[in-house]
Amino acid sequence: IQPDPSAAAAALMALQGRTGPDVVAATLEHLDAAHAPLRAAAAEVAGQLDLSDADAARICAVITNRMLIEKSAMVLAALAAAAQRIEGPEILEPLLGLAGHADDRVREGVVFGLMGREDGPCVAALVRLSGDAAEDVRTWATCALGAHTEADDDVVRAALVARLTDPS
């Protein structure tokens, strides 16, 4: 009998915002689930957990590794978005690597993962994504540049000005 991914995903989503070793263990377990919807739900939950330093390091390691091997765009989008709340520097390289992904859901997840990050490569990726072919990616990247970062230079200003004439 195959597990019902939608029921399991709904149950996992109920864990959002909670803490404790059982929640962390369930999240880590589901990040490696056979079904992509379960992995995606676990990534979404991981991005919402209030974690101790030790648990944050464990979650960061698993999400970083999962970004490198995951094939599902749905899961990659959730992993990338979860990175917004993960502070480990090791997550940046795989996250930035997804900025050029073919699927716009993944690129949008990357924007969420980069929100609030001030370092040069992250801001540069947001600048590139503010000119993305996908409207939602452009919109969220522009929001990230204009409202979620203190970055202010000629390149950022030019990216923001370019969006003023965007018909979308």
Does segment 87-108 contain any residue that is basic (Lys, Arg) and at pLDDT 95 or above? yes
Write out, first by first residue and then by second, each pair whose Cβ atoms fall under 7 Å of each other, whose residues are 6+ apart or on separate chains, and whose first residue, in segment 137-158, is touching a residue at least 12 places away in the same chain (Cβ under 8 Å) and under 26 Å from Asp103 (Cα atoms) while the second is part of a loop (DSSP other than H, G, I, E, B) and open to solvent by 70 Å² or more (accessible area, probe 1.4 Å). Thr149/Glu118
Conditions: (1) modelled with pLDDT under 95; (2) under 25 Å from Ala144 (Cα atoms). Asp4 meets all but one. Number of the miss? (2)
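The values are calculated or read from the model by the stated rules, or taken from the named source; none is laboratory data. Just so it is clear, the structure is predicted and the values come from calculations on it, not from any experiment. Positions of Cβ are generated from backbone atoms using ideal geometry, with glycine treated the same way; all protein chains shown enter the neighbour counts. To get the accessible areas, we keep the full protein, side chains included, count just its heavy atoms, and leave off ligands, DNA and RNA. Shrake-Rupley method; radii C 1.70, N 1.55, O 1.52, S 1.80 Å.
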